[in-house]
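Input: a single structure, listed below in structure tokens.
The values are calculated or read from the model by the stated rules, or taken from the named source; none is laboratory data. Everything numeric here is computed off the predicted structure, so don't read it as measured data. Heads up, the Cβs are rebuilt from the backbone with ideal geometry, glycines too, and the neighbour counts pull from every protein chain shown.
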Amino acid sequence: MGKKVGIDSIAYYVPGIYLDIETLALKRDIVPAKLQKGLGLTAMAICDAGEDAATMAAEAVIKLMENENIDPRSIGRLYMGTESALDAAKPTSTYVSEIVETAMKDKYGERCMKNCDVLDMTFACVGGVDAMMNCLDYVRAGEGRRAIVVVADNAKYALSSSGEYTQGAGAVAMLLTENPRLCVVSDAVGVGMQSVGDFYKPHHSYDKKSLIKSVLEAAGVDVKAEDILSRLTEDDFWGHRDVNVLLHRDEPVFDGPLSNDCYCARIDEALADFSKLVPTDVLKDWPYILFHQPYAYQGRRMIVGNWVEWIKDAGHLPELENEVGYALTA
């Protein structure tokens with residue numbers, strides 16, 4: 001590996017409002033221990049009025065800059081990973097940079113981030129990792145370059161759904177530099193990818209007249225009154241001439257069991273791909289493994305199969321079987 005680049009410092013922001021997970025469990029007739037001890041959940045952060053992915057990200061970035069006395073003019077990239085974007089074209093990171101510039105203008109002048117490249121990366125939870133890897137390449141490709149990666153989301157599920165108790169909100173900002181103080185990130189990356197419908201937020205299209213007709217029927221209004229339908233489907237009412245209206249919801253369509261299967265499969269594929277680049281004995285070479293966590297105990301639950309195989313390959317399976325008291329190979 002050539003130049004050492006990685007994460008130099010980290011700051012985070014979590015909303016001040018939260019829901020105790022035991023309160024939610026009791027309201028949903030769930031035994032609290034199932035969520036607390038089974039999934040490792042204790043509280044659910046909730047956005048306050050006026051908070052969103054942009055404001056949370058800005059809070060984290062400003063805290064990072066203030067903690068480390070960072071001159072925003074020294075940052076070449078501000079890349080953001082989010083699935084809670086505010087716009088379909090304008091990157092949420094532009095709102096973040098605008099808030100940062102406003103907060104820092106007295107010290108560093110107007111538009112102190114005007115020479116900073118900003119970008120959003122969206123790929124559910126992995127968007128932040130992609131943003132980080134891209135910015136690490138940027139730092140690695142020059143001299144004295146610095147970048148900030150920020151990840152922020154307001155994760156929401158439908159009320160009473162099986163994903164509801166894994167909701168949350170918050171942001172993390174990371175300063176990426178040469179010779180970092182916290183950790184060096186290798187330029188070797190293992191990838192496992194498949195397009196699967198386990199989690200997505202689709203756009204739904206509805207015919208205007210059919211939509212209005214359904215609403216009127218539900219309200220008990222005589223839908224034969226064509227003059228009502230005509231007025232409610234006019235351009236002035238909707239603000240556009242499109243025959244259909246698009247509806248987007250922040251709550252995803254998801255399949256929890258399929259997501260777990262995908263999590264395990266992608267780990268297998270990414271590890272195999274990484275081992276082609278850097279032959280690796282996980283038990284000997286890696287003292288720690290960090291996981292993406294949709295809930296606190298996801299990583300330790302999903303890696304068990306791999307862990308047992310690593311122990312088996314190392315010839316230590318009998319020792320493990322003796323310790324746990326039953327045959328793992330059965």
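Any residue at all in the range 64-75 that is closer than 27 Å to residue 251 by Cβ and part of a helix (DSSP H, G or I)?
No.
Only one residue in 70, 75 is in contact with a Ser or Thr (Cβ under 9 Å, 6 or more places away or on another chain), in the same structural domain as residue 167 (by TED's automatic domain parsing) and more than 18 Å from residue 155 (Cα to Cα), so which one is that?
Of the residues listed, the single one that is in contact with a Ser or Thr (Cβ under 9 Å, 6 or more places away or on another chain), in the same structural domain as residue 167 (by TED's automatic domain parsing) and more than 18 Å from residue 155 (Cα to Cα) is 70.
Among the numbered conditions (1) touching a Pro at 6+ places or on another chain (Cβ under 7 Å); (2) within 28 Å of residue 140 (Cα to Cα), tell me where residue 46 comes up short.
Residue 46 satisfies all of (1) touching a Pro at 6+ places or on another chain (Cβ under 7 Å); (2) within 28 Å of residue 140 (Cα to Cα) except (2).
Which residue out of 157, 108 is hydroxyl-bearing (Ser, Thr, Tyr), touching a helix residue (DSSP H, G or I) at 6+ places or on another chain (Cβ under 7 Å) and modelled with pLDDT under 95?
It is 157.
Here is a yes/no grid of residues against (1) in contact with a Gly (Cβ under 6 Å, 6 or more places away or on another chain); (2) closer than 20 Å to residue 289 by Cα:
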| position | (1), (2) |
| --- | --- |
| 152 | no, no |
| 162 | yes, no |
| 166 | no, no |
| 175 | no, no |
| 188 | no, yes |
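For (1) more than 17 Å from the chain's Cα centre (by Cα); (2) surrounded by 14 or more Cβ atoms within 10 Å (Cβ to Cβ); (3) farther than 23 Å from residue 252 by Cα, each residue gets a yes or a no:
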position: 11; (1), (2), (3): no, yes, yes
position: 24; (1), (2), (3): yes, yes, no
position: 105; (1), (2), (3): yes, no, yes
position: 118; (1), (2), (3): yes, yes, yes
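Could you please find all residues in the range 277-326 being over 23 Å from residue 262 (Cα atoms), hydrophobic (A, V, I, L, M, F, W, C), in contact with a Leu (Cβ under 9 Å, 6 or more places away or on another chain) and part of a loop (DSSP other than H, G, I, E, B)?
Across the range 277-326, the qualifying residue is only 314.
So the check is Cβ under 8 Å with 6+ separation or different chains; which pairs have a first residue in the range 282-296 that's touching a residue at least 24 places away in the same chain (Cβ under 8 Å) and within 13 Å of residue 126 (Cβ to Cβ) and a second one that's surrounded by 15 or more Cβ atoms within 10 Å (Cβ to Cβ) and not basic (Lys, Arg)?
Close Cβ pairs satisfying both conditions: 292/125; 292/126; 292/129; 292/298; 292/299; 294/125; 294/166; 294/259.
A quick yes/no check of all residues on (1) modelled with pLDDT of 90 or more; (2) among the hydrophobic types (A, V, I, L, M, F, W, C); (3) under 29 Å from residue 198 (Cβ atoms):
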site	(1), (2), (3)
257	yes, no, yes
269	yes, no, yes
282	yes, yes, yes
301	no, no, yes
327	no, yes, no
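Name the pairs: first residue in the range 166-187 and farther than 10 Å from residue 136 by Cα, second residue aromatic (Phe, Trp, Tyr), Cβ to Cβ under 7 Å, at least 6 apart or on different chains?
As it stands, the answer is 166/295; 167/157; 170/12; 170/13; 171/12; 171/13; 172/12, since those pairs meet every condition given.
With respect to the numbered conditions (1) loosely packed, with under 15 Cβ neighbours inside 10 Å; (2) under 24 Å from residue 21 (Cβ atoms); (3) touching a Cys at 6+ places or on another chain (Cβ under 9 Å), which one is the sole condition not fulfilled by residue 294?
Every condition holds for residue 294 apart from (1).
Restricting the first residue to the range 120-141 and requiring it to be farther than 26 Å from residue 197 by Cβ, which pairs with a second residue that is outside any loop (DSSP other than H, G, I, E, B) and of a type in the set (Asp, Glu) meet a Cβ separation below 8 Å and a spacing of at least six or different chains?
Once the first residue is farther than 26 Å from residue 197 by Cβ and sits in the range 120-141, its partners that are outside any loop (DSSP other than H, G, I, E, B) and of a type in the set (Asp, Glu) give 139/178.
Would you pick out the residues in the range 224-255 that are at pLDDT below 80 and not hydrophobic (A, V, I, L, M, F, W, C)?
224, 226, 227, 230, 231, 233, 234, 235, 236, 239, 240, 241
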